[in-house]
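Engineer: Would you mind keeping the following structure in view while I ask a few things?
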Amino acid sequence: MKHYLSIAAALTVSAMAAFAQTEAGGVLVNHPELLRNERLMTVEMEVVLSGLDVSSNRVAVYTPIIVNGKDTAAFTPFALYGRNRWYYYQRNGLSLAPEDKSWKGKDAPSEISYTANVPYSQWMNGAELKLIKQTYSCCGTKENQESYALTSYRVYVPSFLYMVPSQSERSEKIRSVEGNAFIDFPVSETVIYPGYHNNRLELAKIVSQIDSIRSDSDVSVKSIHIRGYASPESPYDNNERLAKGRTEAIRDYVSKLYAFPSGLVTTSYEPENWEDLRSYVQSSTISDKAEILALIDSSEEPDRKEWLIKTHHPESYAYLLANCYPFLRRTYYKIEYQVRSFTEADVDHIRQLVVSRPQNLSLEEFYLASRDLDPQSDEFGNIFDVAVRMYPDDPVANVNAANVAMRRGDLKSARFYLERAGSIPESIYARGVLAAMEGDSETAGSCLKAAAAFGIEQASKELEKIQ
């Protein structure tokens, strides 16, 4: 049975337009919308005034209001004055609406883009937007009041299902680091001289990696493999001797520094590094690249192959000898180590590792680190951000990272993670939630129905919310 952490968060708000166009007391209201940010509730709409006829001694005042039960809030009104009333209010310095939202009937624009806002309050969730029309007579007496419904406002409160990785999926945590060192030897020799050329720094590459792993009390070294490569010049037999002997010399150098069990450090060698030579030539701009590549790929014996390149392409051979061959003589190393498993008792330590050594954690251990944290906190979100960087192809990691991104309102990142989450039921559910947050109710409904069919119980509840 799968387990989830379900977290609801009111993050995305949307206005559900009841009518694309509404006739409201002589004016036409097009596409009314209620939008909210953290502090303000904003109304936006297009209002067509051209069909309104206000008699000379009257004023028509329109006030958008948001209503939920006994709670109301009024937006800035706009007014159209008959001719006599316009001059009367102008002479007496009176106004029923702000100057920029007041017009003499015949001078009014045919259409206005109306925008206004009021401070946001929780009671506005589920409220209706109405347009109130009040008509005033020549004595300033209110003659009539009419109310027109424009739209309603709903907050979509998505429920995010954070997946709990199954303990049965846990396995040994074997990790590895690898690299290349370029250790120089005198011609035809297989003895290491640490002070020769740049050898101290190159040997330190291997030693420092081993020291870094051994200094971590949570891990143990499982194996070290060293593979030596020689370049193709000189006879193949001699190159084989050099590759083998120099690799063993590096093994002995490393083994003397540590009390590793017998057999922990292993070696292999490649007498002539044709693979790297081919890659170098392929990416080069030398004029006879195609001919040299054909020789490298040929079935000729290594010594003859090298002789043909040297004699038929002397300029390119000299260039390769100076610029490529030194880097063919490399030492590849790979250090494998095992990380111990962590439990609920190690939560504080796990949270430290999220920051310092996230590579030591399994996906389940990242989830353990998130437990008991406030889902709205930065630390909670950061844990899943790091987890998906460590496990970029894991569906569970991507679903949880998508949930964090949606909680933050970062829908672009959420889409990216869900593209990598595959088609598991939980990712289908998350796609439904994302579509609902984006206002795509058709896609949201389709995804949530599919998730419900796969047994995601929360999907049916989300369907009820968006419907």
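The values are calculated or read from the model by the stated rules, or taken from the named source; none is laboratory data. Everything numeric in this text was worked out from a predicted model, so none of it was measured. Positions of Cβ are generated from backbone atoms using ideal geometry, with glycine treated the same way; all protein chains shown enter the neighbour counts. Accessible surface areas use protein heavy atoms only, side chains included; no ligands, DNA or RNA. Shrake-Rupley method; radii C 1.70, N 1.55, O 1.52, S 1.80 Å.
Engineer: Take the residues in segment 414-444 that are of a type in the set (S, T, N, Q) and within 22 Å of VAL164 (Cβ to Cβ), then tell me which one is surrounded by the most Cβ atoms within 10 Å (Cβ to Cβ). Quick ask: steps written out before the conclusion?
Structural biologist: Taking segment 414-444 as the starting set, the residues that turn out to be of a type in the set (S, T, N, Q) are 423, 427, 441, 443.
Checking the rest, the ones that are also within 22 Å of VAL164 (Cβ to Cβ) come to 423, 427.
On the way: SER423: 10, SER427: 23.
The selected residue is SER427.
Engineer: So the check is Cβ under 8 Å with 6+ separation or different chains; which pairs have a first residue in segment 335-361 that's more than 16 Å from SER212 (Cα to Cα) and a second one that's part of a helix (DSSP H, G or I) and of a type in the set (D, E, K, R)?
Structural biologist: Listed by first residue and then by second, the contacts come to SER341/GLU365; PHE342/GLU365; ILE350/GLU365; ARG351/GLU379.
Engineer: Run SER166 past the list (1) of a type in the set (Ser, Thr, Tyr); (2) farther than 30 Å from ILE428 by Cβ; (3) open to solvent by 30 Å² or more (accessible area, probe 1.4 Å) and report the number of the one that doesn't hold.
Structural biologist: (2)
Engineer: Follow-up question, since we're still on this one. Here is a list: TYR153, TYR114. Which entry is modelled with pLDDT under 90, farther than 30 Å from VAL207 by Cβ and either assigned to a strand (DSSP E or B) or open to solvent by 40 Å² or more (accessible area, probe 1.4 Å) (or both)?
Structural biologist: The match here is TYR153.
Engineer: Turning to a different aspect of this structure: Among GLU178, GLU172, GLU189, which is surrounded by fewer than 18 Cβ atoms within 10 Å (Cβ to Cβ), free of Cβ contacts under 8 Å to residues at least 60 places away in the same chain and more than 23 Å from ALA24 (Cβ to Cβ)?
Structural biologist: Working: GLU178 fails: free of Cβ contacts under 8 Å to residues at least 60 places away in the same chain; GLU172 fails: free of Cβ contacts under 8 Å to residues at least 60 places away in the same chain.
Going through GLU178, GLU172, GLU189 in turn, just one is surrounded by fewer than 18 Cβ atoms within 10 Å (Cβ to Cβ), free of Cβ contacts under 8 Å to residues at least 60 places away in the same chain and more than 23 Å from ALA24 (Cβ to Cβ): GLU189.
Engineer: Restricting attention to segment 141-149, does a residue exist that is under 45 Å from the mean Cα position of the chain (by Cα) and either open to solvent by 70 Å² or more (accessible area, probe 1.4 Å) or at pLDDT below 85 (or both)?
Structural biologist: Just the residues of segment 141-149 that are under 45 Å from the mean Cα position of the chain (by Cα), to begin with: 148-149.
Checking the rest, the ones that are also either open to solvent by 70 Å² or more (accessible area, probe 1.4 Å) or at pLDDT below 85 (or both) come to none.
No.
Engineer: What residue, among those in segment 312-353 that are within 30 Å of GLU291 (Cβ to Cβ) and of a type in the set (D, E, K, R), is least open to solvent (accessible area, probe 1.4 Å)?
Structural biologist: Ranking the qualifying residues of segment 312-353, first place goes to ARG330.
Engineer: Then there is this: Evaluate the following for PRO64: is it surrounded by fewer than 18 Cβ atoms within 10 Å (Cβ to Cβ) and not hydrophobic (A, V, I, L, M, F, W, C)?
Structural biologist: no
Engineer: With respect to the numbered conditions (1) surrounded by 13 or more Cβ atoms within 10 Å (Cβ to Cβ); (2) at pLDDT below 95; (3) in contact with a helix residue (DSSP H, G or I) (Cβ under 7 Å, 6 or more places away or on another chain), which one is the sole condition not fulfilled by SER137?
Structural biologist: Answer for SER137: the failing condition is (3).
Engineer: Starting from segment 93-104, keep only residues that are assigned to a strand (DSSP E or B), then list their pairs with residues that are surrounded by 16 or more Cβ atoms within 10 Å (Cβ to Cβ) whose Cβ atoms are within a distance under 6 Å, requiring at least 6 positions of separation or different chains.
Structural biologist: Every condition considered, the pairs that remain are SER102/ALA79; TRP103/LEU80; LYS104/TYR81; LYS104/TRP86.
Engineer: Looking for whichever is buried (at least 19 other Cβ atoms within 10 Å of the Cβ), assigned to a helix (DSSP H, G or I) and of a type in the set (D, E, K, R) here; the options are LYS244, LYS305. Which one fits?
Structural biologist: Being buried (at least 19 other Cβ atoms within 10 Å of the Cβ), assigned to a helix (DSSP H, G or I) and of a type in the set (D, E, K, R) holds for just one of LYS244, LYS305, which is LYS305.
Engineer: Look at segment 50-61 and say how many of its residues are under 20 Å from TYR87 (Cα atoms) and surrounded by fewer than 22 Cβ atoms within 10 Å (Cβ to Cβ).
Structural biologist: The qualifying residues number 7.
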